[in-house]
Amino acid sequence: MAIEKKQFLDDLVADLRPVSVLPSPISRAILVCGIAIPVIFSAMYLYQPFRTGVSAFWGSAALFQIEIFLGLFSASVLVFAGFLLVIPGEKAQRSILTFAILSFLLWLALIFHSLLTPHIAVSMVGKREICFLEVPFYGSLLALALFYLNRKLLIASPLWVGICFGIGAGLVPAVLMQAACMYDPMHNLLFHVAPILVVMGIAVGISLFRLKRL
């Protein structure tokens, strides 16, 4: 009887394999954003060089610089929040999610502020014909990559994960487009910022669809 029990237990564990431990959410967020930002920057530049003279504003237009850096920072924090929300019961979820949303709203406030007082001189120089398509294109690719990295995980908060991944992924090309395309605050809002909603919608749809399939 003892031998049969031992054989039974051996058969149960025969096919088990060690489970690899995922890197921490913050290290994954840093790695993904550290790769995604320069890759999207390069793809945008190869498609069409950034507008002439944009480098002249570095060091002289403080609000424009803050707008760029805050946008990329907010995108990274949102991606980090998404990675955290994938993990059930993570204690820091609420505080990081709140911080991520506040950082995005602060960036959005800067965008609306520029409607009243442009952060740099308004110009048609560098106008890209399909900027409104480039933002959702690059953003959706990044969102898909984020979900691919979490393909084997049961997403604990699918709606919020979709929102964080969608806004975070859409923010990267939207912010870079501020330097790549013509500068006009209303153009920025309608053709660079608004398409983030498209990326968010796609990401939320993917996240909820994954939940429905489980």
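Throughout, read-outs are computed from the coordinates displayed, never taken from laboratory work. Note that the structure is predicted; figures quoted are calculated from it, not measured. A quick note on method: Cβ atoms are made from the backbone with ideal geometry, for glycine too, and the neighbour counts reach across all protein chains shown.
Some observations on this one:
- Surface/4 of the Cα convex hull for the stretch 141-187, nm²: 4.0 nm²
- Measuring between their Cα centroids, the stretch 82-116 and the stretch 164-189 lie 16 Å from each other.
- Per-residue extension of 0.36 nm, minus the Cα-Cα distance of Val39 and Leu133, leaves a gain of 32.1 nm for this segment.
- Simple label model, 7 Å out from Cα along Cβ direction - Ala145 to Met124, nm: 3.5 nm
- Between Ser55 and Ala156, the contour length at 0.36 nm per residue exceeds the alpha carbon distance by 32.1 nm.
- Solution diffusion estimate, µm²/s, Stokes-Einstein, the stretch 94-214, Kirkwood Rh from C-alpha pairs, 4 °C, viscosity 1.567 mPa s: 86 µm²/s
- Shape category assigned to the stretch 68-157 from the gyration tensor of Cα positions, a/c cut at 1.5: oblate
- Loop-located GluC sites (Glu not before Pro) across the stretch 42-143 with a Cβ neighbour count of 12 or fewer within 10 Å are Glu129, with loop assigned by DSSP.
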